[in-house]
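Each value in this text was obtained by applying a stated rule to the coordinates, not by laboratory testing. Here the structure is a predicted model, which means the values were calculated and not measured. Note that each Cβ is placed from the backbone with ideal geometry, even for glycine, and that neighbours are counted across all protein chains shown.
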Amino acid sequence: MNDVTAIASVMRASVEAFGRDVYTPQQIAGAIQYICRPDEQLIIDGTYFVAAGDDGAIIGCGGWSRRRKVYSGSAASGNEDELLDPASEPARIRSMFVMPSFGRRGIGRAILQHSEQRAAAEGFRRLQLVAMRSAGTLYESSGYTAIADAPVVLEDGVVLECTLMEKMLTLSS
């Protein structure tokens, strides 16, 4: 919990830098305001991870969830804290962000793979995520398949185009 402020900073910097190529300034501002909020439930559950640089500063973050909520942010639904059934439902990959100065160095992929392994160890055989358009390449190259458009309507009414993606886990994942 001591890292929440640093995690939020990584989230904001990542969205601001990597979002420029795919989102409008209004969409980026809305995402920073409404999505770039660490989900403390993931931290409490022990399913959220950070990568630190040589100086100990957080340079990447992300994780997975055994709960219904599909993306970070302030929007809430009534059943988002309910536990998923690993036998029939996919775990959620959540809140993957990397500091722009450390982008494209495998940090996000390492956090993603660790999250997949931890979810598999708890019996999940399928994963889903809602990918911002700026991160789709990472997920596609990691075996995720786009299954539907998943626009996120932010509290201010701005729509953030995202994609629902899924991956089947194998015993060796």
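Comparing Q113, Q26, Q128 in a Gaussian network model of the chain where C-alpha atoms under 10 Å apart are linked, the largest mean-square fluctuation is found at Q26. Remark: relative contact order (the chain) = 21 percent; criterion is Cα-Cα distance under 8 angstrom and separation of 6 or more residues.
For the chain, modelled as a GNM whose springs connect Cα atoms under 10 angstrom apart, the maximal fluctuation among D54, D81, D21 occurs at D54. Once the Cα-Cα distance is subtracted from the 0.36 nm per residue extended length, the D3 to S142 segment shows a gain of 47.3 nm. Note that the chain shows a convex hull volume over its alpha carbon atoms of 113 Å³ per residue.
Could you work out the relative contact order of the range 40-125? I mean the mean sequence separation of Cα pairs under 8 Å and 6+ apart, divided by the number of residues, in percent. It would help to have the intermediate numbers written out before the result.
Values: 130 pairs, mean separation 26.9, N = 86.
Dividing the mean separation by the residue count of the range 40-125 yields 31 percent.
Mind ordering 145-154, 3-12 by average Cβ neighbours within 10 Å, highest first? Walk me through the numbers on the way to the answer.
On the way: 145-154: 13.6, 3-12: 18.3.
My ranking of the peptides, most packed first, is 3-12, 145-154.
Give the calculated FRET efficiency between A57 and S88 to the nearest 0.05, with a Förster radius of 41 Å applied to their Cβ-Cβ distance. Calculated transfer efficiency: 0.55.
Per-residue 3J(HN,Hα) values for the range 123-132, derived from phi via the Karplus relation 6.51 cos²θ - 1.76 cosθ + 1.60 with θ = phi - 60°, read x, 6, 10, 9, 10, 10, 8, 9, 8, 5 Hz in sequence order (x marks Gly and Pro). Between V22 and A121, the distance separating the two model label sites (each 7 Å from Cα on the Cα→Cβ line) works out to 2.9 nm.
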